[in-house]
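Have a look at the structure below, then the notes.
The values are calculated or read from the model by the stated rules, or taken from the named source; none is laboratory data. Given the structure is predicted, the values throughout are model-derived calculations rather than measurements. Cβ atoms come from the backbone with ideal geometry, glycine included; neighbour counts cover every protein chain shown. Calculation scope for accessible area: heavy atoms of the full protein, side chains included, ligands and nucleic acids excluded. Shrake-Rupley method; radii C 1.70, N 1.55, O 1.52, S 1.80 Å.
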Amino acid sequence: MTPLQARELAARSLEKVAPDIDAAQVGGDVDLRADLGLDSLDFLGFVEALTEGSGVRIDEDDYPELFTLDGCVAYLVRRS
């Protein structure tokens, strides 16, 4: 997976669980939970969407790497 593909997947996944958020306006270093207010269920849905879209198994221990879009991109590129 390229960084662009990973960013697009992360953006789609974010907008899927939080349709009121325009992922194109979210900076790469914004904390999705603290700054955007994703609760634990929203975040779990986000992780599930990343898994479905990428085919990459994401373990709970890896969740901290996914707290920002930049972190998601790095994680998905490294794991795919």
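For the range 1-44, the candidate set comprises residues that are among the small types (Gly, Ala, Ser) and surrounded by 17 or more Cβ atoms within 10 Å (Cβ to Cβ); within that set, the residue that is farthest from Leu76 (Cα to Cα) is Ala18. Determine if the range 46-68 includes at least one residue that is on the phi > 0 side of the Ramachandran plot and open to solvent by 30 Å² or more (accessible area, probe 1.4 Å). Among the residues of the range 46-68, at least one is on the phi > 0 side of the Ramachandran plot and open to solvent by 30 Å² or more (accessible area, probe 1.4 Å), which makes the answer yes.
No other residue among Val73, Val30, Val77 is in contact with a Lys or Arg (Cβ under 6 Å, 6 or more places away or on another chain) and touching a residue at least 12 places away in the same chain (Cβ under 8 Å) apart from Val73.
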